[in-house]
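Enquirer: One structure coming up, written as C-alpha cells, with questions to follow.
Please treat every number below as a calculation from the coordinates, not as lab data. Every value quoted in this text rests on a predicted model; they were computed, and no experiment measured them. So basically every Cβ, Gly included, is an ideal-geometry build from the backbone, and we count neighbours across all protein chains shown.
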Amino acid sequence: MNGTFDGEGVLLGRDGLALYEQGGYGRPAAAGIRLAPPEALYLILRKKITVKGMDFDAILGVFADKPNFIRSFLVYRDIRERGYVIQPGPHDFRVFRRGEKPGTGRSLYTVRVLSERDLIHFEELGREIHTAGNMRKQHILAVVDDEDELTYYEVKIQPLSEPPASPLSGDFEADLYGSTAILHIPEGSLLEKHWFGKRLDEDRLLLSPLETEYLLGLGCLHLRREGAAVTAGAYMDALLCEDVEFRDKVQAYADLRSRGYIPRTGYKFGHHFRVYTGKKSHSELLVHATPAGAGLPMSTISRSVRMAHSVKKKMLFASVHGNGIRYIEFTRIKL
C-alpha cells in the first residue's frame, strides 16, 4: 500500500480505509486516510505501507528534533504490540479497550508520554486527571527511561473520606523543651486513644512537633515554656527554622487528621507520613506533602512508588490545591 508524505503525516488513498476500519489506523480524509507520524512509522516498520520517496529513517529524521517524538513513537509501538488500538488524542494518545477501535468502541485510557528526568508538576497533573475523568477515562503516564525501557503508571485523584462529625476536643497543657512538648498526663488518656504522642513514662507523654502544632491549632492544647505561653504561630516560626518543609507537612497532617486518618512519621520509608485508617493494625498509605506549584522528578516518584509497593501501601502525594489538599495516587501497572 503506497502513501505520500506531506511534511505533517502520510496520506493514503481509498485503499487505506481498510487500515482504519480493521485496525483503527489514521483518520478518514477526503481522499482516503491520514496517518500521524507515529502511525506511519509503525506501519512502515511492519511493512504494511510504503511512502513515495521516503523510508523509515527519512521520516524519522524530519520529526526527530521535536520534543519527545522518539519517546512517543516507542510508546505507540509498545502499546500497539500489546494488542491495543492507539491514536493521537488528548494529552499524547488515547487507547481503546482490547478488541475495540474507533466507531465500534470507546477509548479507555488517555496517555501522557514522559522521560525519567521530566518534572511532574502536581497542579498540571491534577488538571489532566480531571480532564480524563470528565471523559470517563483512566489517565496513564508512560515513562521512557534513558535506556528506552517503558514503565506505565496509573494516576488518579484519591477521594479520601469526609471529615468526622465530632473532631477531637479537650483542654490539655504541655511544657515545651526544645521543640518537644511534654504533658504530665496518666496512661490511657483521650490523646492516646486518638493516637497522639509517645509515652515517656507512666506520668509523661511526648508530643511530636506536628502533633503539637495541630493541637495548638485546634485550640485544645496550651503550650508554655518556662511558664510563658507559646502560641501556634510562634511555635510554627521556630520549627520552620529547623525544618523548611514543616509548613507543608502541617497542612497535610491537619487535613488527614480532620478526615479521621492517623498520620505518623514516614521517615523510615523515605516519606513524610505513614497513614493509618483505623481499620487495620498497620499503615495503609504513604503520603508525601508538596507545596503549591511544586514539582518532583519522575525518577523520584518512581522510587516512591516502588517503595510503597514493596511494603504493600498506596503512594499518595498531598498537593496544596486552592484552600485544601489534593491527594494524587501513583500506581505502577501493566497494560
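Enquirer: Listed highest first by mean packing, meaning other Cβ atoms within 10 Å per residue, what order do 15-28, 217-230 come in?
Expert: Numbers: 15-28: 17.6, 217-230: 14.1.
The packing order, highest mean first, is 15-28, 217-230.
Enquirer: A further question follows. For the chain, modelled as a Gaussian network with Cα springs under 10 Å, which listed residue fluctuates most, Pro90, Pro159, Pro263?
Expert: Of Pro90, Pro159, Pro263, the most mobile in the Gaussian network model is Pro159.
Enquirer: Relative contact order for the stretch 72-182 using alpha-carbon pairs under 8 Å, separation at least 6, rounded to a whole percent?
Expert: Details: 145 pairs, mean separation 19.0, N = 111.
After rounding, I find 17 percent.
Enquirer: Which three extents, in angstrom, do the Cα atoms of the chain have along their principal axes, listed largest first?
Expert: The Cα atoms of the chain stretch 87, 35, 32 Å along their principal axes.
Enquirer: Within the set Lys313/Lys334; Lys156/Lys249; Lys66/Lys334; Lys137/Lys279; Lys137/Lys280; Lys156/Lys279, which residue pairs have Cα atoms separated by over 25 Å?
Expert: Working: Lys313/Lys334 18 Å; Lys156/Lys249 21 Å; Lys66/Lys334 28 Å; Lys137/Lys279 30 Å; Lys137/Lys280 31 Å; Lys156/Lys279 23 Å.
In this structure, Lys66/Lys334; Lys137/Lys279; Lys137/Lys280 lie more than 25 Å apart at Cα.
Enquirer: Another question about this same structure. When only C-alpha pairs under 8 Å and at least 6 residues apart count, what is the relative contact order of the stretch 161-248, in percent?
Expert: With pairs under 8 Å counted, the relative contact order is 28 percent.
Enquirer: Would you look at the GNM of the chain, springs on alpha carbons closer than 10 Å, and say which of Ser72, Ser302, Ser179 moves the most?
Expert: In this elastic network of the chain, the residue with the biggest mean-square fluctuation among Ser72, Ser302, Ser179 is Ser179.
Enquirer: If amide H atoms are built 1.01 Å from N in the plane of the peptide, which residues on other chains or at least 5 residues away come under 5 Å of the amide H of Ala289?
Expert: Those qualifying (amide H under 5 Å, at least 5 residues apart or on another chain) are His272, Ala318.
Enquirer: What per residue convex hull volume, in Å³, do the alpha-carbon atoms of the stretch 1-65 yield? Working shown, then result.
Expert: Working: hull volume 4.8 nm³, N = 65.
Taking only Cα atoms, the stretch 1-65 has a hull volume of 73 Å³ per residue.
Enquirer: Using θ = phi - 60° and the Karplus curve 6.51 cos²θ - 1.76 cosθ + 1.60, what whole-Hz ³J(HN,Hα) does each residue of the stretch 146-159 get, with Gly and Pro shown as x?
Expert: 6, 10, 6, 8, 10, 9, 10, 10, 8, 10, 8, 7, 8, x
Enquirer: Still on this structure: Looking at the P(r) of the stretch 161-248, how many percent of alpha-carbon pairs lie beyond 16 Å?
Expert: 52 percent
Enquirer: Return the whole-Å distance between the Cα centroid of the stretch 291-335 and the Cα centroid of the stretch 142-210.
Expert: 18 Å
Enquirer: A further question on this structure: For a quick check: with amide H placed at 1.01 Å from N, whose amide H comes under 5 Å from Ile185's, ignoring anything fewer than 5 positions away on the same chain?
Expert: Result for Ile185 returns Arg204, Leu205.
Enquirer: Something else about it: How high is the relative contact order of the chain? Use alpha-carbon pairs under 8 Å, at least six apart in sequence, and give a whole percent.
Expert: 13 percent
Enquirer: Tell me, what is the FRET efficiency for Asp148 and Cys241 to the nearest 0.05, using R0 = 41 angstrom and their Cβ-Cβ distance as r?
Expert: Computed FRET efficiency for Asp148 and Cys241: 0.35.
Enquirer: Output ³J(HN,Hα) for the stretch 34-45: one whole-Hz value per residue in order, computed from phi by the Karplus curve 6.51 cos²θ - 1.76 cosθ + 1.60 with θ = phi - 60°, and x for Gly and Pro.
Expert: 10, 9, 5, x, x, 5, 5, 4, 5, 5, 5, 4
Enquirer: Residue-wise, which Karplus ³J(HN,Hα) couplings in Hz belong to the stretch 213-230, taking 6.51 cos²θ - 1.76 cosθ + 1.60, θ = phi - 60°, and x for glycine or proline?
Expert: Couplings: 5, 5, 5, 4, x, 6, x, 9, 10, 10, 10, 9, 10, 6, x, 9, 5, 10 Hz.
Enquirer: Aspartates and glutamates near Lys198 by alpha-carbon distance under 20 Å, same-chain residues fewer than 8 away left out - which ones?
Expert: Once the sequence-local aspartates and glutamates are set aside, what remains near Lys198 is Asp171, Glu173, Asp175, Glu187, Glu211, Glu213.
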